[in-house]
Amino acid sequence: MSQAAQTLGETQDRDGAEMLRISDLHAFYGESHILHGVDIDVRRGELVTLLGRNGAGRSTTLKAIMNMVGRRTGSIVINGNETLAMKPHRIPRLGVGYCPEERGIFASLDVEENLLLPPTVRSGGMDLDEIYTMFPNLYERRRSQGTRLSGGEQQMLAMARILRTGARLLLLDEITEGLAPVIVQALGEVLIKLKERGMTIVLVEQNFRFAAPLADRHFVMEHGRIIEEISAAELPARREHLNTLLGV
């Protein structure tokens with residue numbers, strides 16, 4: 001990325017402009033057409049959720065933002081930069097951190113080595129002391145190999161790893177799946193702290209009870225499209241309608 005582009009992104013980040021705008025996004029895996037014209041806008045400092053039933057296209061939307069699908073058309077603007085033609089390895093340099101559902105922990109490395117492995121892509125990333133303060137469990141297990149971590153500890157490590165890189169836009173995919181309630185509560189507290197630090201978060205989440213009190217807005221997906229947008233203020237009046245859409 002050019003110095004001018006980086007400066008533009010940093011300026012817009014400070015000014016509170018849109019962090020992410022997705023327009024008419026279509027995504028394909030081979031001949032399979034998965035996303036059918038997705039439109040999403042996310043302002044700096046917001047936490048928004050992508051809700052929907054399995055197969056709705058929520059995880060594919062995050063992968064499409066990172067250019068990790070076979071083909072995509074439309075527009076994806078990140079911090080003022082159009083990224084549709086951008087190579088996948090360049091997108092994190094715009095300050096994007098992606099935490100996939102499968103976590104991607106290196107089993108042969110210990111916790112601290114996993115944390116130090118990703119390169120710093122922008123200034124302002126959290127240092128190890130800040131990360132260990134936010135995730136005290138990781139400090140206690142910092143010399144443990146990835147294979148020795150619980151599912152909750154692996155999820156904390158996957159999130160912590162992208163925070164060190166300087167990412168300001170976090171794409172989080174199903175971070176509570178299969179975890180004990182106490183770990184889910186701890187992750188919710190972490191998201192609140194990250195939001196207080198001004199980070200922008202797009203959260204794919206099946207656990208609506210977890211997501212509901214955290215988000216500024218909810219986008220509901222069905223068959224690769226956004227079918228509803230519900231703000232936090234609208235949620236109490238529309239919760240029953242949303243539960244019907246989600247099948248809960």
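The values are calculated or read from the model by the stated rules, or taken from the named source; none is laboratory data. The structure presented is a predicted model; accordingly, all values stated were derived computationally and were not measured. So basically every Cβ, Gly included, is an ideal-geometry build from the backbone, and we count neighbours across all protein chains shown. In case anyone asks, the SASA skips ligands and DNA or RNA and just uses the protein heavy atoms, side chains included. Shrake-Rupley method; radii C 1.70, N 1.55, O 1.52, S 1.80 Å.
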Report summary line: Checked region 197-219 for anything acidic (Asp, Glu) and modelled with pLDDT of 95 or more; matches are Asp216
Report task. Identify, from the list Ile201, Ile162, Ile192, the residue that is surrounded by 21 or more Cβ atoms within 10 Å (Cβ to Cβ) and part of a helix (DSSP H, G or I). Result -> Ile162
Report summary line: Subset of region 135-180, residues of a type in the set (Lys, Arg) and either touching a residue at least 40 places away in the same chain (Cβ under 8 Å) or closer than 20 Å to Asn67 by Cα (or both), comes to Arg161, Arg164, Arg168
Query raised in the report: Taking Ile65 and the conditions (1) buried (at least 20 other Cβ atoms within 10 Å of the Cβ); (2) more than 23 Å from Glu174 (Cα to Cα); (3) at pLDDT 95 or above, which numbered condition does it fall short on, given that it satisfies the others?
Result: (2)
Query raised in the report: Counting only residues that are within 30 Å of Met126 (Cα to Cα) and basic (Lys, Arg), how many does region 192-248 have?
Result: 5
Query raised in the report: Restricting to region 204-248, what's the tally of residues that are in a loop (DSSP other than H, G, I, E, B) and surrounded by 13 or more Cβ atoms within 10 Å (Cβ to Cβ)?
Result: 11
Query - Residue tally, condition more than 18 Å from Glu240 (Cβ to Cβ), touching a residue at least 40 places away in the same chain (Cβ under 8 Å) and aliphatic (A, V, I, L, M), over region 194-214 - result: 6
Query - Pairs where the first residue, in region 53-79, is part of a strand (DSSP E or B) and the second is surrounded by fewer than 16 Cβ atoms within 10 Å (Cβ to Cβ) and at pLDDT below 95, C-beta under 9 Å, 6+ apart - result: Arg71/Tyr29; Arg71/Gly30
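Can you confirm whether Ile78 is open to solvent by less than 60 Å² (accessible area, probe 1.4 Å), modelled with pLDDT of 90 or more and closer than 22 Å to His223 by Cβ?
Answer is no for this residue.
Test Gly45 against the stated conditions and say whether it is touching a residue at least 40 places away in the same chain (Cβ under 8 Å), under 27 Å from Asn207 (Cα atoms), assigned to a strand (DSSP E or B) and open to solvent by 10 Å² or more (accessible area, probe 1.4 Å).
So Gly45 does not fit the description; no.
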Query raised in the report: Across region 20-42, which residue is surrounded by the fewest Cβ atoms within 10 Å (Cβ to Cβ) among those that are hydroxyl-bearing (Ser, Thr, Tyr) and either in contact with a helix residue (DSSP H, G or I) (Cβ under 8 Å, 6 or more places away or on another chain) or in contact (Cβ under 8 Å) with a residue 12 or more places away in the chain (or both)?
Result: Tyr29
Query - Subset of region 84-106 (residues that are part of a loop (DSSP other than H, G, I, E, B) and either buried (at least 21 other Cβ atoms within 10 Å of the Cβ) or touching a residue at least 60 places away in the same chain (Cβ under 8 Å) (or both)) - result: Gly95, Pro100, Glu101
Report task. Kindly provide the set of residues from region 165-189 that are open to solvent by less than 30 Å² (accessible area, probe 1.4 Å), of a type in the set (Gly, Ala, Ser) and in a loop (DSSP other than H, G, I, E, B), ordered by number. Result -> Gly166, Ala167
